[in-house]
Amino acid sequence: MIDKLEAIKERFDEVGQLIVKPETIQDMNLYTKLTKEYKDLEKVVEKYNEYKIVLENIDTSKEILSTEKDPEMKEMAKMELEELHPQKEQVEEELKTLLIPKDPNDSKNVILEIRGGAGGDEAAIFAGDLLRMYQRFAEKRKWKFELMDFTDGSSGGFKEVVCSISGEDVYGMMKYESGVHRVQRVPATETQGRVHTSAASVAVLPEMEDVEVNIDPSDVRSDYFCSSGPGGQSVNTTYSAVRLTHIPTGIVVSCQDEKSQIKNKAKAMKVLRSKLYEIELSKQQEELGAQRKSMVGSGDRSDKIRTYNYPQGRVTDHRIKYTVHNLPNVMDGEIADFIESLRLADNAEKMKSGTA
């Protein structure tokens, strides 16, 4: 591990020198890339420096124990060693976690899709509840949340809704939310007070750039229509809303939140790139097989990942068997505990499987 940490420190020093070079500052793409790398490496180097200090203190205490004649000094050195050894183990664990290879997409913005599933009108209402939950979570983290396209449910909520979320490390946090979310409660339309089970699927896709996913313009058909607001009413009389069809795959995406046709098309292209990336990533994961089949980080939209039980006021994440009994707070965007627990479980799994 020391060799790996020394190599990281050397690269950190090298990047620090590259950042201040005039040719780097003039190349904004290179400057942004190096600045991000410097920030990522800095966390590891700071922890490594802390580790070296602990090791030096341990060596000093051991030397005092072996050479010092004064009983009081020896006793102090012994007490210090008793404190330093647990500290060394803790810092080592923190370093191992920091050395786990990061998903290169973790720093990306995301495209969030929520679809009502089994349960009819109640599923659409639940999809709307999930949308608000993620909106509140984004607000708490100072992320930008934008509605891009939606299809209203007949009794409220959404049959389908697509959003974009931008900010710091959005995908790294939100990727654990992909999968089927299940709700158990008495629907507003239920006259006999029976608890029903409904579901909505969530897909979290990293937002991809042009250079990462190349799309042949001749493969895309563009259609334009009038935007509609909640309830289906037309909100303008111009054909600003855009629907893109990727002919080779049959993927269809729409965007109608902007008044400008050009802006809507640009946003729709972001969604299309993300969907095409998801298809390619799924193929790669199938080829890698069991190596990538982590229940925590699979992101498979068919996996049942969480249940929201209203009568009992509890929320359970089935991947890590984690339950809380504060459902109202969770639905108000308090999902950080779930995400942190999933992240820790994911890291532990990677370390255990030797992918660190």
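Which numbered condition trips up residue 193, out of (1) surrounded by fewer than 18 Cβ atoms within 10 Å (Cβ to Cβ); (2) touching a strand residue (DSSP E or B) at 6+ places or on another chain (Cβ under 6 Å)?
That leaves (2) as the condition not met.
For the stretch 331-342: of the residues being touching a helix residue (DSSP H, G or I) at 6+ places or on another chain (Cβ under 7 Å) and in a helix (DSSP H, G or I), which is surrounded by the most Cβ atoms within 10 Å (Cβ to Cβ)?
Among those residues, the one meeting the criterion is 342.
Within the group 62, 47, 69, 43, which residue is within 29 Å of the chain's Cα centre (by Cα) and open to solvent by 60 Å² or more (accessible area, probe 1.4 Å)?
Checking each option against the conditions leaves just 43.
Say whether the condition of being open to solvent by 80 Å² or more (accessible area, probe 1.4 Å), modelled with pLDDT of 85 or more and not in a strand (DSSP E or B) is met by at least one residue in the stretch 242-253.
yes
Considering each residue of the stretch 105-119, count those that are open to solvent by 50 Å² or more (accessible area, probe 1.4 Å) and farther than 22 Å from residue 145 by Cα, and give that number.
Going through the stretch 105-119 one residue at a time, the tally reaches 1.
Pairs needed: first member in the stretch 197-209, free of Cβ contacts under 8 Å to residues at least 60 places away in the same chain; second member anywhere, among the β-branched types (Val, Ile, Thr) and open to solvent by 10 Å² or more (accessible area, probe 1.4 Å); C-beta distance under 7 Å; at least 6 residues apart or different chains.
Listed by first residue and then by second, the contacts come to nothing, as the list is empty.
Out of (1) at pLDDT 85 or above; (2) closer than 27 Å to residue 140 by Cβ, the odd one out for residue 208 is which?
The number of the failed condition is (1).
Tell me the residue from 168, 122, 139, 146 that is modelled with pLDDT under 95 and either under 24 Å from residue 327 (Cα atoms) or assigned to a helix (DSSP H, G or I) (or both), please.
122
Among the listed residues 199, 203, 188, identify the single one that is part of a loop (DSSP other than H, G, I, E, B) and among the aliphatic types (A, V, I, L, M).
188
The values are calculated or read from the model by the stated rules, or taken from the named source; none is laboratory data. The structure displayed is predicted, hence computed values, not measured ones. Every residue, glycine among them, receives a Cβ derived from its backbone with ideal geometry; neighbour counts consider all protein chains shown. Accessible surface is based on the protein model in full, side chains and every heavy atom, while ligands, DNA and RNA are left aside. Shrake-Rupley method; radii C 1.70, N 1.55, O 1.52, S 1.80 Å.
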